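Okay, structure first, notes after.
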Amino acid sequence: MSEPLAIGSKAPAFKAPASDDRTYALDDLLKQGAVALVFYPGNNTPG
């Protein structure tokens, strides 16, 4: 497992599926401007 990112650090490049059945790449979104990433525990997870 890798180390967690510190608050304010840059996110690594990644791709993620979205609810509209598309896959989005962080690098592509950053070309359009700033991106805010928010992560939260999903429904069926403890915590």
Under the classification rounded if a/c is under 1.5, otherwise prolate if a/b is larger than b/c and oblate if not, where does the chain fall, given a ≥ b ≥ c as square roots of the Cα gyration tensor eigenvalues?
oblate
For the chain, with a Gaussian network of springs between Cα atoms less than 10 Å apart, report the residue from 16, 36, 25 with the top mean-square fluctuation.
36
Note down the net charge around residue 24, summing +1 for each Lys or Arg and -1 for each Asp or Glu among other residues with Cβ under 15 Å from its Cβ.
-1
Extending each Cα 7 Å along its Cβ direction at residue 18 and residue 5, get the distance between those two points in nm, one decimal.
1.7
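Readers should treat all values here as calculations from the given coordinates under stated rules, not as data from a laboratory. Predicted model only: the values in this text are computed from it and were never measured. Note that we place each Cβ from the backbone using ideal geometry, even for glycine, and neighbour counts take in every protein chain shown.
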